1. Can you name the residue in the stretch 336-349 that is touching a residue at least 60 places away in the same chain (Cβ under 8 Å) and closer than 25 Å to residue 69 by Cα and, of all such residues, is surrounded by the most Cβ atoms within 10 Å (Cβ to Cβ)?
2. Restricting to helices (runs of 4 or more DSSP H) lying wholly in the stretch 277-344: which have 3 or more residues that are under 17 Å from the mean Cα position of the chain (by Cα) and more than 18 Å from residue 184 (Cα to Cα)?
3. I'd like to check something: does the stretch 110-117 contain any residue that is under 25 Å from residue 387 (Cα atoms), touching a helix residue (DSSP H, G or I) at 6+ places or on another chain (Cβ under 9 Å), free of Cβ contacts under 8 Å to residues at least 60 places away in the same chain and in a helix (DSSP H, G or I)?
4. Inspect all residues belonging to the stretch 150-158 and state whether any of them is surrounded by 14 or more Cβ atoms within 10 Å (Cβ to Cβ), in contact with a helix residue (DSSP H, G or I) (Cβ under 8 Å, 6 or more places away or on another chain) and over 26 Å from residue 323 (Cβ atoms).
5. Among the residues of the stretch 68-109, write down those that are within 30 Å of residue 334 (Cα to Cα) and part of a helix (DSSP H, G or I).
6. Residue 67 fails exactly one of the following numbered conditions: (1) modelled with pLDDT of 90 or more; (2) touching a strand residue (DSSP E or B) at 6+ places or on another chain (Cβ under 8 Å). What is the number of that condition?
7. Checking residue 191 against (1) part of a helix (DSSP H, G or I); (2) exposed (fewer than 15 other Cβ atoms within 10 Å of the Cβ), only one condition comes out false. Which one?
8. Do the conditions hold for residue 246, that is, is it modelled with pLDDT of 95 or more and surrounded by fewer than 21 Cβ atoms within 10 Å (Cβ to Cβ)?
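The values are calculated or read from the model by the stated rules, or taken from the named source; none is laboratory data. Only a predicted model underlies this, so the values are computations on that prediction, with no experimental measurement involved. With ideal geometry, Cβ positions are generated from the backbone for all residues, glycine too; neighbour counts draw on all protein chains shown.
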């Protein structure tokens, strides 16, 4: 009995007894399938109701059908966005409809409240009369991004979607460290809170994105300016406010486009050395473990070693050294086919990956949460991504 025949007969059954017989026959067929090797070609049909699915099958409506071949020997890479990914009400539909995500996020919120006395639920999902822009403040944005990406990752893993490798963009490395059990969840939240306080006490600066490779940008930089993130064909430049403002004028005069980065501090540069020691001291107070899941070290663009992960000095350097993001992505692309899954708000990192990875013949890139300006239910958005991942061989 095929799916179409079963669905049609199910709706035409005249009694409970007939339905039970049909269901038993269908379950027997499904159980027999489980004794055969996994299918290399998969198809999913989705809709709002059983009637929708039946209509899709009867009419062969390709818009509600997805088909793909399972990618053999493929590895799944979780990619975590950094500062600036957050926006008010991100993932609110997920919080209300996905029990696994809500449970994980509530656990994070409880730890954060115990440490700070702040109800971060009101920051993520502000009520009427509450300031929705608070989430963009440094001390809150870091923690909001971490809790969101961590909780979403755990929810995905409970659904059978497990990362083989990981990489974080800038601050996103903290999510990779927590998921790979380098740091416990409680210690990670505490360290992120301290990190925010330490950065907030430092001198402010500016960060801007410039669409030029590092070797060309270096020729334009004056003293006091640094490449904070190397994305390959573009970079993030940082420095103190007067120096970056002068650099903006220099770029404008040369008709080179630049864009502001949503942060007020010169992260990933030598300008953070004055406060980085305080962060090292905080890391010396917690127990660090070798990574259980391989992930890329932002400072080197290579897989982090056990020595690095367990070193407070490494985490001190994480805010003083540039992030070699392009190098890390290119290392991940080598070898077996890869699916890159952006686990966090929006799709900025997915777009960046598309520009970095030139040969996409053995690579696929997906995000998990709708962009800020796209009006769609977050839960439906994620379910669609889960269906696509299942088609390629991941998930339950």
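1. Restricting attention to the stretch 336-349, the residues satisfying the condition of being touching a residue at least 60 places away in the same chain (Cβ under 8 Å) are 336-346, 348-349.
Next, only the ones that are closer than 25 Å to residue 69 by Cα stay: 336-343.
Numbers: 336: 12, 337: 15, 338: 22, 339: 22, 340: 24, 341: 23, 342: 28, 343: 30.
Residue satisfying both the conditions and the ranking: 343.
2. Numbers: elements: 306-309, 312-317, 325-333.
Result: 325-333.
3. Looking through the stretch 110-117, none of the residues is under 25 Å from residue 387 (Cα atoms), touching a helix residue (DSSP H, G or I) at 6+ places or on another chain (Cβ under 9 Å), free of Cβ contacts under 8 Å to residues at least 60 places away in the same chain and in a helix (DSSP H, G or I).
4. The answer is yes; a qualifying residue exists.
5. First, the residues of the stretch 68-109 that are within 30 Å of residue 334 (Cα to Cα): 68-85.
Across the stretch 68-109, there are no qualifying residues.
6. Going through the list (1) modelled with pLDDT of 90 or more; (2) touching a strand residue (DSSP E or B) at 6+ places or on another chain (Cβ under 8 Å), residue 67 breaks only (1).
7. (2)
8. Numbers: modelled with pLDDT of 95 or more: yes; surrounded by fewer than 21 Cβ atoms within 10 Å (Cβ to Cβ): yes.
Answer is yes for this residue.
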